[in-house]
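The values are calculated or read from the model by the stated rules, or taken from the named source; none is laboratory data. For clarity, every value in this text was computed on a predicted model and none was experimentally measured. Reconstructed Cβ throughout: ideal geometry from the backbone, glycine too, with neighbour counts over all protein chains shown.
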Amino acid sequence: MIYKPYQSILFSTECKITRKIRRTEINFNLYECGKYDCKIALMNCTFPLEKLGAEQLPILLLNKKPGNDWRIPFKINRICRNNRIDIVHTHSWGTLIEGVMGAKMAGVPVLVHSEYGTFPSEWKYRLVEKTFWSLTNRLVVVSGDLKKRIRQSIQFPPDRLRIIYNSVDETKFFPSHSLRVQFRRVFGFSQKDFIVGTIGRFHEVKNHEMLLRAAAKLIHNGHDLQVVLVSKGQREQVLRDLSASLGIANRLHFLGFQLDINLIMNGLDVFALTSFSEGCSTVLLEAMFCEKAIVATNVGGNPELIADRYTGLLVGSNDHEQLAQKILFLKKNQDVRNDLGKNARRIAFEKFRLNKMVKAYEELYSYEYKKCLVFGTYNKTD
């Protein structure tokens, strides 16, 4: 029996928001190392595939219909069979059921699933989720907090869980004074403006309202600052209406969807993350690599990234009063901002570089694949 010297991997994921573009970095790195024949199957894509690097890595668009689309498992089954896929890696609830069903129909020996911070709250959906998780070889979570929540709320076996933190390509995120100047020139800010910003989808869980209320308190108390929101979505009008009611519409700037996050980060004085819940925030890591002073809510995996008063400042969930105090403190203390940023970048380099995550996934794939060979659960030949 002859086995291939490398494994063929299919990554099944959704593609709707910026962080999922960046998630393909691991796929590119595995692809380029020569050990893996990688392909990405996207449920949907709302922007040109070339922005994902489709010229470098095979990207297959499944064109999933809204809701449950019975065609998708059969499409994944066909892809797996035609490409002799050895490993299927699905991401989040949106690809779990279809990905696992398609892989099982095709007899794929290794199934890995990743969760990133949120999962269904209704018991019937959790039961379905747990059932399909149990059909995978390994469930990857991106923080210790998420592992704890899954163990407690879904009673999933801890030995089937593996923590692999998200990471950032350090060559793409770095502090740059020239980029700071460029950002402010391009988007019409003064070089003297104090800018607080956040990057993330306009969804209730991100709690952008907390930042707007904190900014309003500071502005009405006579403190000069500008607020930047980078994203787009249906809730944009809700946030515009809130800013108008708070009297800060002229200080709030919607920059829409942006691909050059390094440029945006370098233009900010403070990066704020006000989510109700987080797994392992990629955008928080990007801010750390860009040497930003960070204020984040003390929720989910955030305290696993941010050491309070060393690599950033942590505040209570939905506590806009405390957030306002921390922003004002940072505004008045540039030396503290600089120290927090430098510490954050140093820790990010030590713990969250892209090659560390890629190595962890490579070891996981190799272990699960070899285990199938040893225990005789895989008999595919060339």
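Conditions tested, residue by residue: (1) assigned to a helix (DSSP H, G or I); (2) under 24 Å from residue 284 (Cβ atoms); (3) in contact with an Asp or Glu (Cβ under 6 Å, 6 or more places away or on another chain).
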residue	(1), (2), (3)
166	no, yes, no
188	no, no, no
193	no, yes, no
210	yes, yes, no
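So which pairs qualify, if the first residue must be in the stretch 234-258 and of a type in the set (Phe, Trp, Tyr), the second must be in a loop (DSSP other than H, G, I, E, B), the Cβ gap must be under 8 Å, and the two must be at least 6 apart or on different chains?
Partner pairs satisfying both residue conditions: 254/232; 257/231; 257/232.
Please specify each residue of the stretch 118-156 satisfying the condition of being out of contact with any strand residue (DSSP E or B) (no Cβ under 9 Å at 6 or more places or on another chain) and either assigned to a loop (DSSP other than H, G, I, E, B) or among the aromatic types (Phe, Trp, Tyr) (or both).
118, 119, 120, 121, 122, 123, 125, 134, 155, listed by residue number.
In the stretch 257-277, what count of residues is obtained for those that are touching a helix residue (DSSP H, G or I) at 6+ places or on another chain (Cβ under 6 Å) and modelled with pLDDT under 95?
Residues in the stretch 257-277 being touching a helix residue (DSSP H, G or I) at 6+ places or on another chain (Cβ under 6 Å) and modelled with pLDDT under 95: 2 in total.
Picking from 348, 360, which residue would you name as being part of a helix (DSSP H, G or I) and crowded, with 18+ Cβ neighbours inside 10 Å?
Answer to the check: 348.
Can you list residue pairs whose Cβ atoms sit under 6 Å apart, with the first residue in the stretch 206-224 being assigned by TED's automatic domain parsing to the domain that holds residue 297 and the second being in a helix (DSSP H, G or I) and of a type in the set (Gly, Ala, Ser)? Count only pairs 6 or more apart in sequence or on different chains.
The qualifying pairs are 212/243; 214/324; 217/324; 218/324.
Only one of 263, 259, 285 is within 19 Å of the chain's Cα centre (by Cα), under 29 Å from residue 146 (Cα atoms) and surrounded by fewer than 18 Cβ atoms within 10 Å (Cβ to Cβ). Can you tell me which?
259
Scan the stretch 247-256 and tell me whether some residue there is over 24 Å from residue 321 (Cα atoms), in contact with a helix residue (DSSP H, G or I) (Cβ under 8 Å, 6 or more places away or on another chain) and part of a helix (DSSP H, G or I).
no
Given the condition among the acidic types (Asp, Glu), within 21 Å of residue 227 (Cβ to Cβ) and modelled with pLDDT of 95 or more, answer yes or no: does some residue in the stretch 295-310 qualify?
Looking through the stretch 295-310, none of the residues is among the acidic types (Asp, Glu), within 21 Å of residue 227 (Cβ to Cβ) and modelled with pLDDT of 95 or more.
Which residue out of 215, 244 is surrounded by 24 or more Cβ atoms within 10 Å (Cβ to Cβ) and either small (Gly, Ala, Ser) or assigned to a helix (DSSP H, G or I) (or both)?
Selected residue: 215, the only one of 215, 244 that is surrounded by 24 or more Cβ atoms within 10 Å (Cβ to Cβ) and either small (Gly, Ala, Ser) or assigned to a helix (DSSP H, G or I) (or both).
Are there any pairs with C-beta distances below 9 angstrom linking a residue in the stretch 267-280 that is in the same structural domain as residue 229 (by TED's automatic domain parsing) to a residue that is in a loop (DSSP other than H, G, I, E, B) and acidic (Asp, Glu), with the two at least 6 apart or on different chains, and if so which?
Matching pairs, first to second residue: 269/193.
Tally time: how many residues in the stretch 118-149 are within 24 Å of residue 284 (Cα to Cα) and surrounded by 14 or more Cβ atoms within 10 Å (Cβ to Cβ)?
12
Return yes or no: is residue 314 in a strand (DSSP E or B) and in contact (Cβ under 8 Å) with a residue 12 or more places away in the chain?
yes
Take the stretch 62-117 and flag every residue that is among the small types (Gly, Ala, Ser), in a loop (DSSP other than H, G, I, E, B) and either in contact with a Ser or Thr (Cβ under 6 Å, 6 or more places away or on another chain) or surrounded by 15 or more Cβ atoms within 10 Å (Cβ to Cβ) (or both).
Of everything in the stretch 62-117, those that are among the small types (Gly, Ala, Ser), in a loop (DSSP other than H, G, I, E, B) and either in contact with a Ser or Thr (Cβ under 6 Å, 6 or more places away or on another chain) or surrounded by 15 or more Cβ atoms within 10 Å (Cβ to Cβ) (or both) turn out to be 92, 117.
So residue 170 fits all but one of (1) surrounded by fewer than 20 Cβ atoms within 10 Å (Cβ to Cβ); (2) assigned to a helix (DSSP H, G or I); (3) touching a strand residue (DSSP E or B) at 6+ places or on another chain (Cβ under 8 Å); what number is the exception?
It is condition (2) that residue 170 fails.
Listed residues 104, 39, 65; which is in contact with a Leu (Cβ under 8 Å, 6 or more places away or on another chain), at pLDDT 85 or above and over 25 Å from residue 278 (Cβ atoms)?
So the residue among 104, 39, 65 that is in contact with a Leu (Cβ under 8 Å, 6 or more places away or on another chain), at pLDDT 85 or above and over 25 Å from residue 278 (Cβ atoms) is 104.
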